[in-house]
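Accompanying notes for the structure given below.
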Protein chains: 2
Amino acid sequence: METLPGKTVERLSQYRRRLLNSLDDGKEYIFSHELAEILNITAVQVRRDLMLLGYSSVYRKGYPVRKLIEVIGKRLDSSKGQNVAIVGMGNLGTALTYYLSGLRPKLHVVASFDIDPGKIGTTVEGVKCYSVSEMKETIKSKNISIGVMTVPQASAKEVAKELVNNGIKGIFNFTHIPLTVPPDVYLEEYDMLTSLEKVAYFVKEFASLRK
Amino acid sequence: METLPGKTVERLSQYRRRLLNSLDDGKEYIFSHELAEILNITAVQVRRDLMLLGYSSVYRKGYPVRKLIEVIGKRLDSSKGQNVAIVGMGNLGTALTYYLSGLRPKLHVVASFDIDPGKIGTTVEGVKCYSVSEMKETIKSKNISIGVMTVPQASAKEVAKELVNNGIKGIFNFTHIPLTVPPDVYLEEYDMLTSLEKVAYFVKEFASLRK
DNA sequence: ATTTTAATGTGAAATAATTAACAAATTTAA
DNA sequence: TTAAATTTGTTAATTATTTCACATTAAAAT
Ligand SMILES: NC(=O)c1ccc[n+]([C@@H]2O[C@H](COP(=O)([O-])OP(=O)(O)OC[C@H]3O[C@@H](n4cnc5c(N)ncnc54)[C@H](O)[C@@H]3O)[C@@H](O)[C@H]2O)c1
Ligand SMILES: NC(=O)c1ccc[n+]([C@@H]2O[C@H](COP(=O)([O-])OP(=O)(O)OC[C@H]3O[C@@H](n4cnc5c(N)ncnc54)[C@H](O)[C@@H]3O)[C@@H](O)[C@H]2O)c1
C-alpha cells in the first residue's frame, strides 16, 4: 500500500478529529462539503484525500462517520499502538505531557527524560521522569519509538544523537535547532517563533495594503 | 513591494536566526550553501529566497552576515514593533509567555487574558494578566495587533470572535478548533496533535518498508 | 416510473514550490 | 597577469499540490 503524502496525513488527522466530534453530536453521515466547511478547505480536497485512502462511500448520502473514522485509523495508526517519550520536562515538556496523556488511544506517553535531579523520579499525569542516563534501557524496555524534544537549544543536537543511537525512529523537535538524522528516522520540526514571525509579517503587510 | 510567499517568510525567519548565531560565532560572511546546510535545505532555495528579498551580494565571498540580518529585518519586521497578547494563561499559555518574552526585539508580549479570577492580576515575566472583560480597552490602550490563543477548545470560537471584534489583526491559534476570520485578519493555525500523528504514521510506515 | 437534483470519484488543468542548469562575475591559484 | 575554480542570480524544467470540470450514480421529487 502506498505511503500517503504528508499533507494528506495531516488532513486525515484533522478529518478524524472532526468526525469524532460529529459522532458525539449524533451525526451518522457526513458530506465531503460539510467536512470541508468545518476545516475551511474545499470539498474536492476532502474527496481526493479519501480517494488516496482507497475508501469510497457508495451511497450518496455522505460518508458513514463511524466507518470513516475506522478507515482513517486503520491507515494512520499502528495497530499495536506506539509509545512516546517527552525529553526535557521544563515548561513546554510539562505542558505537553499533560496535554498528550490519554489524548489518543494509540499514542501513549510512557516516559519522560531530564537531567535535572529535581525532576528525575517525579511523575506528571502518571508519566514518570527518568534520568537521561537511563535512556537506553527505558526506551528498550518500554518500547518507545517516538521522542518529543523540549530540551534547551544548547543540548538539542546531542540529545537527538542519543535518541537515535538508542533506537528512536521518530523525533518531534520543538527546539529551534535544525537537526540531521539518518534516513530511517522521521523528523518533524516545529518552530513556534517562526510561525509567530509569519503572523507578524502578514499583519504588517495587510496593514500596509489597506493604506 | 511584493508580499512574500508564506513559505519564504518562514525560511527568512530561520535564516535570520541562524545568521544571528553565526554572528555570535564571529562569522562575517556566509555562503548560500553554508546557510543551506545548517537548515538541511538546498543552496538554490536560499538564493531564491534572498532573490525575492531583492538583496544581492555583489561579492562572491558570501553574504555579509550583519547586512543580511538587517535586510531580512527590514522586510519582515514592523519598524515600530508589534504587540502581542496571550489569551488563556494555562499550561501552554504560561510556557509561551516565558518563552516569547524578550525573544525578539520587535515582538512584545504586553498582556495576557484569562477568565480565571485566580489568574487575573498575576504577572508572568512582567506580563500582566487581564480579565477578558477588559479586552477591549487593553487591546486599544496597549496597541495589541496579535493574539495567541491558548484557551480551551470549547471557548475557541467565541474568543476568536471577540479578538477580531476588538481589533486584533493576527491570530495564532493553538486550540484545535478550525477558526474562520474576516479576510483582513491573518490566521495561523497550529495543531501539535496532528504533527505528532504524522510522526507516528511515518514511523509506522518506515518500519513496514524495512520489512 | 420518470425526471430532477445532489454527491461522488477522477482525469485533466492550473497553480505553487522546488530544483536543475548555466551564464556572469569574482576570487584564488598558478 | 592569466587561467582555473567558485559563487551568485535567474530562466527554464520539474515536481508537488490543489482545483476544475464533468461523467456517473444514488436519492428525492414529481
Ligand atoms: N516554552 C515554550 O513555550 C517553547 C515554545 C517553543 C519552543 N520552545 C523550545 O523548547 C525547548 C524547551 O523550552 P522550555 O521553555 O520548556 O525550557 P525549560 O528550560 O523550561 O525546560 C528545559 C528542560 O530540559 C531539561 N534538560 C536540559 N538539558 C537536558 C538534556 N541534555 N537532556 C534532557 N533534559 C534536559 C532541563 O532540566 C529542563 O527541565 C527550548 O529549546 C525552547 O526553545 C519552548
Ligand atoms: N498544553 C499543551 O501542551 C497544548 C498543546 C497543544 C494544544 N493545546 C491547546 O491549547 C489550549 C490550552 O491548553 P492548556 O493545556 O494550556 O489548557 P489549560 O486548561 O491549562 O489552560 C486554559 C486557560 O484558558 C483559560 N480560559 C478558559 N476560558 C477562557 C476564555 N473564555 N477566555 C480566556 N481564557 C480562558 C483558563 O482559565 C486556563 O487558564 C487547548 O485548546 C489545547 O487543546 C495545548
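Between B:LYS211 and A:LYS211, how many nm apart are label points set 7 Å from Cα along the C-beta direction?
Here the modelled spin labels are 6.1 nm apart.
Output the antiparallel fraction of DSSP beta bridges having both residues in chain B, as a percent to the nearest 5.
Of the beta bridges lying entirely in chain B, close to 20 percent run antiparallel.
Using the Cα atoms of segment B:148-211 to build a convex hull, what is its mean projected area in square nanometres? Provide the component values of the computation, followed by the final result.
Working: hull surface 20.5 nm².
Orientation-averaged projected area of the Cα hull: 5.1 nm².
Restricting attention to segment A:99-137, which chymotrypsin sites (Phe, Trp or Tyr not before Pro) occupy a DSSP loop and are surrounded by at most 10 other Cβ atoms within 10 Å?
none
Can you give the charge dipole size of the protein assembly as shown about its Cα centre, rounded to the nearest 20 debye, using +1 on the beta carbon of Lys and Arg and -1 on the beta carbon of Asp and Glu?
900 debye
Considering only DSSP beta bridges where both residues belong to the protein assembly as shown, give the percentage that are antiparallel (nearest 5).
Rounded to the nearest five, the antiparallel share is 20 percent.
At 24 angstrom or more along the helix axis (alpha-carbon based) and mean Kyte-Doolittle of 0.0 or higher, what helices does chain A contain? Whole DSSP H runs only.
Membrane-span-like by this criterion, though nothing is claimed about a membrane: A:192-210.
Normalised by the number of residues in chain B, what is the relative contact order in percent for Cα pairs under 8 Å and 6+ residues apart?
Working: 281 pairs, mean separation 27.4, N = 211.
Across chain B, relative contact order equals 13 percent.
In a Gaussian network model over chain A where Cα atoms closer than 10 Å are linked, find which of A:VAL109, A:VAL164, A:VAL84 has the largest mean-square fluctuation.
A:VAL164
Can you give me the relative contact order of segment B:6-74 as a percent, contacts being Cα pairs under 8 Å and 6 or more apart?
Relative CO of segment B:6-74 lands at 40 percent.
Okay, helix-only estimate at 222 nm for chain B: each DSSP H run of n ≥ 4 adds -39500 (n - 2.57), divide by all residues, round to 500 deg cm²/dmol; what do you get?
The helix contribution divided over chain B gives -14000 deg cm²/dmol.
Placing one identical point scatterer on every Cα of segment A:105-211 and ignoring solvent, what is log10 I(q)/I(0) from the Debye formula at q = 0.10, 0.17 Å⁻¹?
-0.38, -0.83
When each copy gets a label point 7 Å from Cα toward the beta-carbon at A:LYS61, what are the spacings between them in nm, shortest first?
Sorted ascending, the copy-to-copy spacings read 7.6 nm.
Would you work out which of A:LEU20, A:LEU53, A:THR42 lies farthest towards the positive end of the dipole of segment A:6-74, given +1 charges on the beta-carbon of Lys and Arg and -1 on that of Asp and Glu, about the Cα centre?
A:LEU53
For segment B:40-135, restrict the atom set to alpha-carbon positions and state the Rg and Dmax in Å.
In order Rg, Dmax, the Cα atoms of segment B:40-135 give 19.2, 60 Å.
What is the Cα centroid distance between segment A:136-211 and segment A:16-46, reported in whole angstrom?
When both Cα centres are located, 30 Å separates them.
Could you list, in their original order, any pairs among A:LYS119/B:LYS169; A:LYS7/B:LYS161; B:LYS74/B:LYS142; A:LYS157/B:LYS7; B:LYS61/B:LYS169 whose Cα atoms are separated by more than 30 Å?
Violating the 30 Å limit, Cα to Cα: A:LYS119/B:LYS169; B:LYS61/B:LYS169.
Dipole of chain B (Lys/Arg Cβ +1, Asp/Glu Cβ -1, origin at the Cα centre): which of B:TYR130, B:ILE146, B:ASN165 lies farthest to the positive side?
B:ILE146
Between A:THR180 and B:LYS142, how high is the FRET efficiency from 1/(1 + (r/R0)^6) when r is the Cβ-Cβ distance and R₀ = 51 Å? Nearest 0.05. Show your work: numbers first, answer last.
Numbers: r = 42 Å, r/R0 = 0.82.
Efficiency, rounded to the nearest 0.05: 0.75.
Apply the Kirkwood formula to the protein assembly as shown: the hydrodynamic radius equals the inverse of the mean of 1/r over all pairs of different alpha-carbon atoms; give it in Å with one decimal. Please report the intermediate quantities before stating the final value.
Working: mean 1/r = 0.0432 Å⁻¹.
Computed over Cα pairs of the protein assembly as shown, the Kirkwood hydrodynamic radius comes out at 23.1 Å.
Counting Lys and Arg as +1 and Asp and Glu as -1, each charge on the Cβ, what is the dipole of chain B about the Cα centre in debye, to the nearest 20?
720 debye
List the residue from chain B whose beta-carbon is nearest to the axis that rotates chain B onto chain A, together with that distance in whole Å.
B:ALA95, 2
Ignoring solvent entirely, what values of log10 I(q)/I(0) come out of the Debye formula for chain B at 0.15, 0.18 Å⁻¹ when each Cα is a single scatterer?
Debye output, listed in q order: -1.05, -1.22.
With all pairs of different alpha carbon atoms counted, what Kirkwood hydrodynamic radius in Å does segment A:6-74 show?
11.7 Å is the Kirkwood radius here.
Readers should treat all values here as calculations from the given coordinates under stated rules, not as data from a laboratory. All values derive from a computational prediction rather than experimental measurement. Because the Cβ atoms are built from the backbone with ideal geometry, glycine has one as well, and the counts that use them run over all protein chains shown.
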